[in-house]
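K.L.:
One structure is given below, represented as structure tokens, and several questions about it will come after.
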Amino acid sequence: MSKFGLLSLLAVAALHGETGYDAWLRYAPLQGAALDQVRQAVPAVVAVLDQSPVAASARAELIRGLKGMLGRTLRAESALPGESAILVGTVDQIRRAAPRLLPDVRLGADAFWLKSAANGPLRYTIITASNDRGLLYGAFALLRTIAIGETIAGLDQRETPYAPVRWLNHWDNLNGTIERGYGGRSIFWDGGKVREDLSRVGDYGRLLASLGINGCSINNVNADLKILTPELAPQIARIADELRPWGVQVAISVDFGSPQRMGGLSTFDPLDPAVAEWWKARADDIYRAVPDLAGFVMKTDSEGRVGPSAYGRTHADAANAVARALKPHGGLLFYRGFVYDNHMDWRNLKNDRGRAAWDNFHSLDGKFDDNAIIQIKNGPIDFQVREPASPLFGALEKTNQVVELQITQEYFGQAKHNVFLVPYWKETLDFDMHAKGAAPTPVKALVAGKTFERTSGGFVGVSNVGLDDNWSGNQLSQANLYGFGRLAWNPDLSSKRIADEWTRLTFGLDPKVVDTISTMQLSTWRTYENYTGPLGLQTLTDIVGDHYSVNVEASERNGWGQWHRADETGAGMDRTVATGTGFIGQYRPEVAKVYESLESCPDDLLLFLHHVPYTYKLHSGKTVIQYIYDSHYEGADAVAGYARQWKALKDLVDERRYSEILTQLQYQAGQAIVWRDAVNTWFQKASKIDDAKGRVGHYPGRTEAESMTLQGYTVRPIAPAPEEDASGGKIVTCPAGATPCSATMQFDGPAGWYTVSVEYFDLATGVSQYRVFVGEQLIDEWSADLRLPSRRMDAGASTRRVMAGVALRRGDQIRIEGKPGGNEPAPLDYIEILPDKM
Ligand code: GCV
């Protein structure tokens with residue numbers, strides 16, 4: 001191909017869009033006044049006085065970023081130049097080179113200071129710190145400031161990370177799959193080994209460093225025993241080598257049963273000296289291969305993992321046995337607080353999984369070694385759409401703790417739905433646990449170790465990253481990784497600030513783009529809660545299946561303990577001290593008082609903490625049942641609004657990301673309707689109370705497939721999925737091998753422009769073809785080929801195809817043809833025809 005041909009191909013590719021791989025580090029060219037201003041302020045030289053590999057990353061990043069944004073390639077030097085420069089070095093290094101440029105300040109570990117300084121006519125933009133990580137973080141902060149359009153003139157910006165632990169956990173399996181992962185396969189593992197090609201890992205390290213993340217555990221907490229075998233140690237070292245230049249230390253998850261299950265001992269009793277010896281020997285082995293390993297993560301006595309209960313030992317016994325093996329190497333042990341019994345008797349109204357973390361750990365406070373850290377999920381259950389802060393945060397005074405936040409969206413639509421989690425996390429982090437006297441003790445201060453002056457602590461996020469081009473399964477979910485990192489660095493940042501920053505970095509500075517995306521992101525949590533599980537009901541999903549599809553009853557009558565106790569009489573779990581499980585009594589009295597009383601309990605948590613009749617009136621005066629109906633309509637309408645708002649950004653966002661996000665939002669809008677109808681139908685049936693606004697059970701413009709004129713199609717119940725998974729409880733399916741089946745109806749509305757929606761089921765077992773005709777005119781056709789989390793014909797597979805702007809008049813015959821593909825029988829639920837929304 002000629003050079004010219006190649007160049008024009010590249011130009012076309014650029015026009016067509018971005019994959020999302022560069023995430024928030026795109027360094028897109030600045031324009032207009034912003035470009036002029038920065039060009040004037042940025043000198044020709046970047047001088048890096050520090051010789052470490054991490055400082056080399058800082059230099060490379062500064063050159064790369066400024067080249068992208070300004071179109072200028074700075075000259076790299078390693079000593080103080082005789083001209084204006086960006087000067088990068090520790091305080092000591094800079095003071096040695098030019099004593100008058102900086103005062104002798106003491107900066108904390110990983111902190112940085114961006115400072116404009118002058119020496120005669122020479123101007124310096126100084127990036128200084130006490131260690132190499134701080135220099136790297138300062139470099140990223142400078143680039144971020146430029147990229148979001150803020151000024152770098154007269155800089156004097158000093159930032160210290162809020163907590164020492166700013167970690168990610170990966171739930172990656174050694175075979176390359178990821179538990180609860182929605183961004184593709186593992187970037188670390190494949191076929192039981194570390195991947196040959198680790199180029200993605202270095203790029204990942206760069207993304208993490210830009211946020212100040214300094215640790216990353218690389219395998220599932222449901223740990224594979226092989227992780228401690230000698231063959232894997234050099235392979236883990238390869239991952240550590242990729243992340244080290246970015247200041248990110250590797251950790252691994254280990255199985256507590258390892259001494260017996262793979263180590264050849266007859267026991268894994270933590271108090272047995274042979275077991276302690278075994279852990280010490282394994283720690284020594286792995287530290288020989290990875291001398292800066294950050295430590296281990298361990299899940300015990302939970303969901304089938306073995307733990308100290310096998311020997312009647314405590315969690316402190318277990319944690320300390322392993323922590324002591326890590327101690328000589330400076331390693332930390334993250335001991336998960338997610339300990340509970342998943343075989344609880346659901347008939348016993350006093351049983352409560354929510355109590356488990358506090359019950360298991362509070363009395364052990366002070367018994368853990370200093371390098372053991374209790375890792376506590378934000379809420380007492382499991383990353384549900386809304387939960388109160390775990391009471392355990394307020395109960396540990398003499399034990400290190402971290403909060404575990406789930407970036408991957410297990411119960412938040414699995415990256416098919418767009419939910420920006422920062423406002424959700426902030427609700428927990430800012431919550432005052434009243435743990436010490438009158439001064440506020442928010443969760444963030446407790447976990448950072450500030451409240452009780454602990455030696456360590458901070459923030460752990462379960463990563464959402466995989467091999468997909470865009471890392472996280474969809475473009476918008478990247479915002480959650482970004483948001484986690486920014487909060488771990490500084491939890492005092494507002495949600496709005498984080499959403500704005502991310503949008504500017506990821507989509508550019510156009511005010512309409514920034515405003516639309518940022519406003520949407522900030523409302524998504526409430527929207528998702530509205531159509532999934534309002535008032536503290538938790539995510540009303542299939543908790544014994546895919547954790548994705550709506551299934552109100554799935555959490556009841558089983559031992560998993562995610563009960564909401566909704567039945568004919570009312571809804572909610574009575575967790576009061578007076579009449580319930582006593583969970584509320586685990587909080588300090590100031591908090592317990594608010595939660596115990598119905599008068600003061602916040603509506604958002606009402607059904608998490610109390611059981612009330614459907615007619616119970618919320619603080620707003622609305623009944624519980626009407627709130628459930630209304631919020632589901634509000635949620636579904638809001639998602640439809642997101643898709644409309646997004647369309648207004650056409651031509652302001654590159655074509656590829658524009659259309660990927662539009663497709664996602666349109667899909668989500670369809671699923672939100674499925675959720676709305678399924679949840680509302682279930683509650684209407686249970687409560688026997690109608691929607692005061694007459695919507696539930698009455699769907700204008702909807703014709704059930706089973707009442708259309710069918711050729712080849714047969715009518716069947718949606719079962720075994722719950723009845724409410726299909727509109728009217730029934731669907732039609734076309735037998736395999738049949739020529740296309742069809743469902744026909746006659747339109748009897750006035751002539752006009754209409755939106756025609758077809759609700760069908762898209763299964764993983766095949767790819768059916770659908771065609772829609774008005775008379776003999778084909779108006780749309782598609783294949784049911786989405787990759788959805790649902791594995792069977794249920795609400796999670798229910799998908800909506802929307803055809804807007806269709807000219808219809810009375811008497812038109814509308815025919816849907818379905819042709820089965822593989823084991824998918826071209827299933828149809830209904831057709832809905834509504835006047836076009838302007
Ligand atoms: C890694 C929930 C998830 C599990 C996860 C577990 C945990 O139960 O569904 O996939 O296991 O939490 O956090 O250990």
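K.L.:
Scan around ARG702 for amide H atoms under 5 Å from its own, H built in the peptide plane at 1.01 Å from N, and keep only partners 5 or more places away or cross-chain.
P.N.:
Sorted by chain and number, the residues that satisfy this are ILE833.
K.L.:
Would you please state which residues of the range 86-122 a label at THR160 would reach in this model, taking the label point 7 Å out along Cα→Cβ and a backbone N cut-off of under 11 Å?
P.N.:
Hits in the range 86-122 for THR160 at 11 Å: 106-112.
K.L.:
Which order results if SER757, SER199 are arranged by neighbouring Cβ count within 10 Å, fewest first?
P.N.:
SER199, SER757
K.L.:
Whole-Hz Karplus ³J(HN,Hα) for the range 111-120, in order, using 6.51 cos²θ - 1.76 cosθ + 1.60 and θ = phi - 60°, x for Gly and Pro?
P.N.:
So the Karplus estimates, Gly and Pro as x, are 6, 9, 9, 9, 9, 7, 9, 10, 9, x Hz.
K.L.:
How much length is gained if the chain between ARG106 and LEU35 is pulled fully straight, taking 0.36 nm per residue apart and subtracting their Cα-Cα distance, in nm to one decimal?
P.N.:
Extra length from ARG106 to LEU35 when fully extended: 22.1 nm.
K.L.:
Can you work out the Karplus-derived ³J(HN,Hα) for every residue in the range 725-735? Use 6.51 cos²θ - 1.76 cosθ + 1.60 with θ = phi - 60°, whole Hz, and x for glycine or proline.
P.N.:
5, 10, 4, x, x, 10, 9, 10, 10, 10, x
K.L.:
Ordered by packing density, taken as the mean number of other Cβ atoms within 10 Å over each peptide's residues, highest first, how do 498-510, 145-157, 273-285, 406-418 rank?
P.N.:
406-418, 498-510, 273-285, 145-157
K.L.:
Would you mind checking which residues have amide H under 5 Å from SER217's amide H? H placed 1.01 Å from N; only 5 or more apart, or other chain.
P.N.:
LEU168, ASN169, HIS170, ALA251
K.L.:
Any chance you could check the Cα centroid distance between the range 563-603 and the range 375-436 for me, in angstrom?
P.N.:
The two parts, judged by their Cα centres, are 19 Å apart.
K.L.:
Let me ask you something else. Residues in the range 670-691, backbone N under 20 Å from the label point at LEU349 (7 Å along the Cα-to-beta-carbon vector): list them, ranges by number please.
P.N.:
Only 686-688 fall inside the zone, counting backbone N under 20 Å.
K.L.:
How much FRET efficiency would the formula 1/(1 + (r/R0)^6) give for VAL544 and LYS622, where r is the Cβ-Cβ distance and R0 is 35 Å, rounded to 0.05?
P.N.:
Once rounded, the FRET efficiency stands at 0.65.
K.L.:
ASP370 to LYS593: FRET efficiency via 1/(1 + (r/R0)^6), r the Cβ-Cβ distance, R0 25 Å, to the nearest 0.05?
P.N.:
0.15
K.L.:
Among the lysines, which fall within straight-line cross-link reach of LYS685, defined as a Cα-Cα distance under 17 Å, with same-chain neighbours fewer than 8 residues apart omitted?
P.N.:
Output for LYS685: LYS693, LYS730.
K.L.:
Give, to the nearest whole percent, the P(r) tail of the range 464-562 beyond 18 angstrom, counting all Cα pairs.
P.N.:
Of the Cα pairs, 61 percent sit more than 18 Å apart.
K.L.:
Which of rounded, prolate, oblate describes the range 690-745, given a ≥ b ≥ c as roots of the alpha-carbon gyration tensor eigenvalues and a/c under 1.5 marking rounded, otherwise prolate only if a/b is larger than b/c?
P.N.:
oblate
K.L.:
Next question, about the same structure. Report, in whole Å, the centroid distance computed from the Cα atoms of the range 465-538 and the range 114-183.
P.N.:
Between the Cα centres of the range 465-538 and the range 114-183 lies a distance of 19 Å.
K.L.:
Would you mind checking the radius of gyration and Dmax of the chain based on alpha-carbon positions, in Å?
P.N.:
Just the Cα atoms of the chain yield Rg and Dmax of 28.5, 88 Å.
K.L.:
Also, I was wondering about something else. Tilt of helix 273-289 relative to the longest C-alpha principal axis of the chain, in degrees (0 to 90, nearest 10)?
P.N.:
In the chain, helix 273-289 runs at an angle near 80 degrees to the longest axis.
K.L.:
I would also like to ask the following. Between 0 and 90 degrees, rounded to the nearest ten: what's the tilt of helix 315-326 against the longest Cα principal axis of the chain?
P.N.:
Around 50 degrees separate the two axes.
K.L.:
Would you kindly state how much longer the chain becomes between LYS67 and THR19 on full extension, computed as 0.36 nm times their sequence separation minus their alpha carbon distance, in nm to one decimal?
P.N.:
On the way: separation 48, 0.36 × 48 = 17.28 nm, distance 2.04 nm.
Here the answer is 15.2 nm.
K.L.:
Would you please state the base-10 log of I(q)/I(0) at q = 0.15 1/Å for the range 206-327, with intensities from the Debye formula using one equal scatterer on every alpha carbon?
P.N.:
Log-scaled intensity ratios, in q order: -0.67.
K.L.:
If you don't mind, another one. Quick one: 3J(HN,Hα) in Hz for the range 150-160, Karplus 6.51/-1.76/1.60 with θ = phi - 60°, rounded, Gly and Pro as x.
P.N.:
8, 7, 10, 6, x, 5, 7, 10, 10, 10, 10
K.L.:
Now a separate question. Work out how much length ASP748 to ARG123 would gain on full extension: take 0.36 nm times their residue separation and subtract the Cα-Cα distance, in nm to one decimal.
P.N.:
This chain segment gains 217.4 nm when fully extended.
K.L.:
Compute the helix-to-body angle for 478-489: its Cα long axis versus the longest principal axis of the chain, expressed 0 to 90° and rounded to tens.
P.N.:
For 478-489 against the chain, the angle is about 40 degrees.
K.L.:
Which of the cysteines found in the chain have nothing to pair with, since no other Cys Cβ lies under 4.7 Å from theirs?
P.N.:
That list is CYS216, CYS601.
K.L.:
Apply 1/(1 + (r/R0)^6) to the Cβ-Cβ distance of LYS398 and ASP430, taking R0 = 30 Å, and write down the FRET efficiency to the nearest 0.05.
P.N.:
The pair LYS398/ASP430 has a calculated efficiency of 0.80.
K.L.:
How many nm is it between the label spots at GLU179 and ASP285, if each spot is 7 Å from the Cα in line with the beta carbon?
P.N.:
That separation, rounded to one decimal, is 2.2 nm.
K.L.:
Please compute the modelled spin-label separation between THR151 and SER116, points set 7 Å along Cα→Cβ, answer in nm with one decimal.
P.N.:
Taking the simple label geometry, SER116 and THR151 are separated by 0.7 nm.
K.L.:
Given N residues in the range 27-81, what is Rg(Cα) / (2.2 N^0.38 Å)?
P.N.:
Numbers: Rg = 12.0 Å, N = 55, 2.2 N^0.38 = 10.1 Å.
Here the Cα radius of gyration is 1.19 times the empirical estimate.
K.L.:
While we're on this one: Kindly put HIS170, HIS343 in sequence by how many other C-beta atoms sit within 10 Å of each C-beta, fewest to most.
P.N.:
Lowest to highest Cβ neighbour count: HIS343, HIS170.
K.L.:
Turning to a different aspect of this structure: Specify the inter-centroid distance of the range 440-463 and the range 725-767, based on alpha-carbon positions, in whole Å.
P.N.:
53
K.L.:
What shape does the range 669-766 take by its C-alpha gyration tensor, where a ≥ b ≥ c are the square roots of the eigenvalues and a/c under 1.5 counts as rounded, a/b above b/c as prolate, and the rest as oblate?
P.N.:
In terms of gyration-tensor shape, oblate.
K.L.:
What is the diffusion coefficient of the range 135-229 in µm²/s, taking the Kirkwood radius over Cα pairs and the Stokes-Einstein relation at 10 °C with a viscosity of 1.306 mPa s?
P.N.:
Details: Rh = 15.6 Å.
In µm²/s, the coefficient rounds to 102.
K.L.:
Which residues' amide hydrogens lie under 5 Å from the amide hydrogen of THR799, considering only partners 5 or more residues apart or on another chain, with H built in the peptide plane?
P.N.:
For THR799, whose amide H was placed from the backbone, the distant partners under 5 Å are TYR760, PHE761, ASP762.
K.L.:
Still on this structure, I have one more. Taking a label point 7 Å from the Cα of ASP292 along the Cα→Cβ vector, which residues of the range 240-254 have an amide N closer than 16 Å to it?
P.N.:
Within reach of a label on ASP292: 240-252.
K.L.:
Please order VAL46, VAL612 by the number of other Cβ within 10 Å, starting at the fewest.
P.N.:
Working: VAL46 24, VAL612 20.
Lowest to highest Cβ neighbour count: VAL612, VAL46.
K.L.:
Could you check the simple spin-label distance between ARG810 and SER783, using points 7 Å along Cα→Cβ, in nm with one decimal?
P.N.:
Output for this residue pair reads 4.2 nm.
All of the numbers you see were taken from the coordinates with simple rules; none came from a lab. If you're wondering where the values come from, they're calculated on a predicted model, not measured in any experiment. Cβ: placed from backbone, ideal geometry, glycine included. Neighbour counts: every protein chain shown.
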